[in-house]
Every structure is written in C-alpha cells, then in structure tokens.
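Enquirer: Pasting in a structure now, in structure tokens, and then I'll have a few things to ask.
The values are calculated or read from the model by the stated rules, or taken from the named source; none is laboratory data. Just so it is clear, the model here is predicted, and its values are computed rather than measured. Heads up, the Cβs are rebuilt from the backbone with ideal geometry, glycines too, and the neighbour counts pull from every protein chain shown. All accessible areas refer to the heavy atoms of the entire protein, side chains included, with ligands and DNA or RNA removed. Shrake-Rupley method; radii C 1.70, N 1.55, O 1.52, S 1.80 Å.
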Amino acid sequence: MNVEPPDEGPAGGTARRDPRRPPTGDPAATGRRPGWLLLAAFTLAFAAFEAAKHQGWTLPAAAVGAALPLLLTRVPGALP
C-alpha cells in the first residue's frame, strides 16, 4: 500500500513562514508595531474627518478605500 508523505510545501516545511519577516520574539519587530498602530489610527481619523466634512460620494469611497487592502489580502494572486 502506497502512503503519501505529508505535504510540507515547496520549502520543506517552512512554506507558512515568510523568511523576510523577523521572528515574532524579535525586539526589532515588536518595536515597530506601536508606530504602525499610531500611523493607522491617525490615517483612519483623518479619513473619517475628511469624509464627514465633504460628505456625498466621499463616504462610500472612504469605506471602500478602508476595506480594499483587507479584501486584497484574501484574494489569492491579487498581490505580488
């Protein structure tokens, strides 16, 4: 009886880990997260302010602009 070996991906078991990203416990990686969080919060607040100020078509455009990056990460092959 032929038993297939478990699928470990093309990299021999490391297919799920991105080699360009530092490990989770790396202090350099954890030090950058608060900055990105602050930038994201500022950008979200600025977009909400501008969409509320201009109204009209900017409200749906702001919603699509906020959701688009999340949707593109879910579609295989959409991002390089």
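Enquirer: At pLDDT below 75 and not in a helix (DSSP H, G or I): which single residue out of Gly56, Gly25 fits that description?
Expert: Details: Gly56 fails: at pLDDT below 75.
Gly25 is the lone residue from the list that is at pLDDT below 75 and not in a helix (DSSP H, G or I).
Enquirer: Oh, and also: Are there any pairs, at least 6 apart or on different chains, whose C-beta atoms fall under 7 Å, with the first in region 39-57 and within 17 Å of Ala67 (Cα to Cα) and the second open to solvent by 80 Å² or more (accessible area, probe 1.4 Å), and if so, which?
Expert: Ala51/Leu59
Enquirer: Take the conditions surrounded by 10 or more Cβ atoms within 10 Å (Cβ to Cβ), in a helix (DSSP H, G or I) and not polar (S, T, N, Q) and apply them to Leu70. Does it pass?
Expert: Working: surrounded by 10 or more Cβ atoms within 10 Å (Cβ to Cβ): no; in a helix (DSSP H, G or I): yes; not polar (S, T, N, Q): yes.
The answer is no for Leu70.
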